[in-house]
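The values are calculated or read from the model by the stated rules, or taken from the named source; none is laboratory data. Everything numeric here is computed off the predicted structure, so don't read it as measured data. Don't worry about glycine lacking a Cβ; one is built from the backbone with ideal geometry, like all the others, and counts go over all protein chains shown.
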Amino acid sequence: MDPRIWSRLPDHLLERILSFLPLKTFLSLRSTCKHFNSLLFSPCFISKHSLSSSSSFSSFILLSHPHFLQKCPLFNTVINSWCNISLSFPPMLSCPPSSNLLSSANGLLCFSIPKSSCFIICNLLSRSLRRLKFPSCPFDFELLTLVSAQNGYKIFMLSSNNALVYDSTDNSWRFYLGFDPILNENYHQKGVFYDGCLYFTTPEPFRVVGFNLESGKWERSTVGLPGGLTFARLASDGDRKMYLIGGVGVNGISRSVKLWELKEEDGNWVEFETLPEMVCRKFLSVCYHNYEHVYCFWHQGLICVCCYTWPEILYYKVSRRTWHWLPKCPSLPDKWSCGFRWFSFKPEVYSSV
């Protein structure tokens with residue numbers, strides 16, 4: 001095209017034309033100039049792509065490990081393979097002291113920066129971030145969970161004798177007393193968001209407790225869990241279904257691993273799947289019967305079962321009722337150490353920090 005023509009186009013026409021570019025393509029081109037970069041948040045782009053951005057990108061499982069100091073490898077669950085590119089962090093997150101990825105939700109990532117007394121919430125796609133100062137210093141916390149909410153997000157955590165909730169809509173922290181102290185013994189497990197509450201499983205005697213994010217009240221589930229459990233974890237798709245993943249055995253040793261679904265009609269756990277014997281043997285050998293390192297999360301129709309000490313994920317594809325192993329990341333060295341942290345990551349360019 002003749003540059004003399006393009007240079008004379010009114011801004012609103014240029015924005016309109018460029019808005020028809022696929023969002024993936026434009027994101028790779030916006031570094032051309034400041035004007036192109038600013039177009040991403042123009043009315044034309046927002047109106048055209050804000051509703052479709054969810055389908056514009058693949059969904060990924062993100063691996064965080066001490067071996068990767070400045071980036072996170074991505075596993076594409078659509079094509080079932082590791083990507084050639086990794087998710088790079090902004091300079092402030094990749095410089096010492098090393099940041100710690102804690103949680104993810106709706107395209108946002110939550111990091112802690114050890115010596116800066118703050119959390120960082122960032123959208124790496126839109127290159128935006130927010131610093132959240134610790135509510136008090138010194139500040140120790142457990143069980144941090146980032147939750148997508150209407151018009152923003154919330155952060156839940158436990159600290160000392162308080163449950164703390166940060167609300168991005170008014171940029172405020174709220175403190176709630178009276179949490180169940182036994183949760184401190186289950187510090188690896190994040191909350192599972194379901195029907196407006198965060199749910200947790202406690203160590204033995206196993207039970208489910210919930211925290212209402214609006215009222216700040218704790219609730220103990222009156223529904224009994226299946227018998228013979230050696231460990232219990234939860235997973236949820238957010239609003240419609242909640243699942244229980246647990247080992248079944250005697251004397252704390254699992255002989256099988258099963259899945260249950262919570263039925264809303266009567267509030268009971270109904271068994272619907274058992275881990276195949278050969279897969280179960282490998283999983284239990286991975287855990288070495290040390291179940292405190294096992295954790296679970298939901299990712300785009302998959303129930304993912306992970307272990308901090310093992311570089312593979314066991315996942316269950318709900319729609320097909322099949323089990324699979326996610327292969328080891330090729331970027332990892334032959335001799336790996338523990339510290340494998342996996343996260344569901346669905347890029348959302350218009351998720352606001």
Mind checking whether some residue in the stretch 293-301 is touching a Phe, Trp or Tyr at 6+ places or on another chain (Cβ under 7 Å) and not in a strand (DSSP E or B)? yes
Here is a check on your reading of the model: is GLU214 outside any loop (DSSP other than H, G, I, E, B) and either in contact with a Ser or Thr (Cβ under 9 Å, 6 or more places away or on another chain) or more than 21 Å from PHE297 (Cβ to Cβ) (or both)? no
Would you point out the residue of the stretch 321-343, among those that are at pLDDT 90 or above and touching a Ser or Thr at 6+ places or on another chain (Cβ under 6 Å), that is farthest from VAL286 (Cα to Cα)? PHE343
Only one residue in SER319, SER331, SER351, SER337 is in contact (Cβ under 8 Å) with a residue 12 or more places away in the chain, assigned to a loop (DSSP other than H, G, I, E, B), of a type in the set (Ser, Thr, Tyr) and not assigned by TED's automatic domain parsing to the domain that holds VAL223, so which one is that? SER351
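Inspect the stretch 263-272 for any residue being without any contact (Cβ under 8 Å) to a residue 60 or more places away in the chain, closer than 25 Å to LEU144 by Cβ and within 27 Å of the chain's Cα centre (by Cα) and give the result as yes or no.
no
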Picking from PHE272, PHE283, which residue would you name as being in contact with a strand residue (DSSP E or B) (Cβ under 8 Å, 6 or more places away or on another chain), surrounded by fewer than 16 Cβ atoms within 10 Å (Cβ to Cβ) and not in a loop (DSSP other than H, G, I, E, B)? PHE272
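I'm trying to understand the selection: among the residues of the stretch 217-253, which are among the polar types (S, T, N, Q) and either outside any strand (DSSP E or B) or farther than 24 Å from TYR316 by Cα (or both)?
Once the filter is applied, which keeps residues that are among the polar types (S, T, N, Q) and either outside any strand (DSSP E or B) or farther than 24 Å from TYR316 by Cα (or both), the stretch 217-253 yields SER221, THR222, ASN251.
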Would you say TYR243 is closer than 30 Å to ARG281 by Cβ and at pLDDT below 95? no
Condition check for ALA232: without any contact (Cβ under 8 Å) to a residue 40 or more places away in the chain and either closer than 25 Å to LYS282 by Cα or assigned by TED's automatic domain parsing to the domain that holds SER112 (or both): yes
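Against the condition under 16 Å from SER59 (Cβ atoms), in contact with a Cys (Cβ under 7 Å, 6 or more places away or on another chain) and touching a residue at least 12 places away in the same chain (Cβ under 8 Å), how does TRP342 come out, does it pass?
Taking the combined requirement at face value, the residue satisfies it.
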